[in-house]
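Let me begin by presenting the structure, written as structure tokens, before commenting on it.
Rule-based calculations on the coordinates, nothing more; no lab input. Here the structure is a predicted model, which means the values were calculated and not measured. When we count neighbours, we look across all protein chains shown, and the Cβ atoms used for this are built from the backbone with ideal geometry, even at glycine.
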Amino acid sequence: MANLTISMSKIRKILKMYSRQRAIMTIAAQADASRNTVKKYIAAFNDSGFTFEEVNALNDKELEDLFGKSREHPPNARMQSMLRCFPHVDKELKRTGVNRQMLWEAYYKEFPDGYQYSQFCFYYNQWKARVNPTMHMDHKVGDKLYVDFAGEKMSYTDKETGEIMPVEVFVAILGASQLTYVEAVMSQQKEDFIAACENTLHFIGGVPAAIVPDNLKAAVTKSSRYEPTLNETFEDFADHYGTTILPARAYRPRDKALVEGAVKIIYTKIYAPLNKHVYHSLTELNTAIWQTLEGHNSQLLKGRNYSRKLQFEEIERQTLAPLPVLRYQFKKQFQARVIVNRQLKVDR
């Protein structure tokens with residue numbers, strides 16, 4: 001009996017009691033349903049990502065599409081047509097000035113018997129949660145470049161001495177297209193960090209509105225929740241390229257969730273295959289990294305019919321500011337202390 005579809009009114013009753021934080025046993029008893037049935041509909045409700053008020057506003061047909069018999073069978077042609085539109089919708093929403101209403105109107109013009117706007121948004125949110133369940137922030141094109149160092153190091157072997165040389169791995173990712181850049185550097189010092197940031201800008205062929213680093217010393221001299229003190233050289237670098245530095249806030253993991261997710265991906269896509277080989281210089285290691293990275297950026301995104309690279313070329317490249325003619329020149333800073341001389345008294 002637990003696998004049979006129950007009435008829509010009973011589903012509403014189950015969700016209403018669940019929204020009031022009633023225990024599953026209590027819900028099952030009052031709704032005259034088994035615990036497994038209650039658990040099944042509560043799980044479907046949690047997966048939807050909506051509040052009880054939003055789900056309760058649906059009519060019985062819409063509620064059945066979400067929880068009823070339609071969940072037990074493949075989607076019909078009407079639903080399939082809409083689902084095929086969602087990868088395009090997801091990509092277009094990253095463009096400045098584009099909203100769901102505009103995209104729904106284009107969809108409804110092409111499919112006059114399609115779903116209404118509220119249903120369209122409802123199913124789009126479901127689709128997005130399914131294909132990318134951890135990404136809840138909407139990133140605009142040309143807006144932010146997230147940068148960080150991976151926690152795990154890579155290494156190369158000195159050809160003459162046989163010494164294993166550990167190296168840091170710099171990772172950068174554009175918020176909207178998720179185009180990723182990876183480079184091995186000798187340290188996390190500001191010279192290597194800024195050089196890697198500069199190489200990233202030349203890799204993507206433009207400058208985003210802001211660069212978002214973690215609170216590492218090469219970027220932030222003194223971290224603060226409200227007004228962090230930036231490293232002077234890094235700030236000068238940003239001024240040269242006409243961008244802004246927006247350090248990730250301390251204890252705010254969502255500020256850097258995208259780049260941390262990219263780090264986890266490169267552990268699989270780059271570390272795993274490259275660790276099987278021996279490299280004899282930093283240049284040789286980076287050449288292998290960039291060859292593997294090309295495949296990663298060209299691979300189709302999960303649930304979508306386009307890659308990071310294709311999405312970048314179509315919607316983000318043209319929104320980046322142009323690169324300056326000259327590369328950034330490091331300026332060395334020295335601090336000197338003036339010697340205090342006692343003034344000699346001269347007798348007149």
(request) With both partners inside the range 144-319, how many of the DSSP beta bridges are antiparallel, as a percent to the nearest 5? (result) 75 percent
(request) Kindly flag which residue pairs out of 140/309; 16/40; 190/276 have an alpha-carbon separation exceeding 20 Å in this structure. (result) 190/276
(request) Find the all-direction average of the projected area of the Cα convex hull for the range 77-131, expressing the result in square nanometres with one decimal place. (result) 3.6 nm²
(request) Among the aspartates and glutamates, select those whose C-alpha is under 12 Å from the C-alpha of residue 159, and discard any that sit fewer than 8 residues away in the same chain. (result) 284
(message) Below 13 angstrom from the Cβ of residue 23, what's the summed charge of the other residues (Lys, Arg +1; Asp, Glu -1)?
(response) +4
(request) Rounded to whole Å and sorted largest first, list the principal axis extents of the Cα atoms in the range 144-319. (result) 47, 42, 30
(request) Distance between Cα centroids, the range 26-57 to the range 292-332: provide it in whole Å. (result) 43 Å
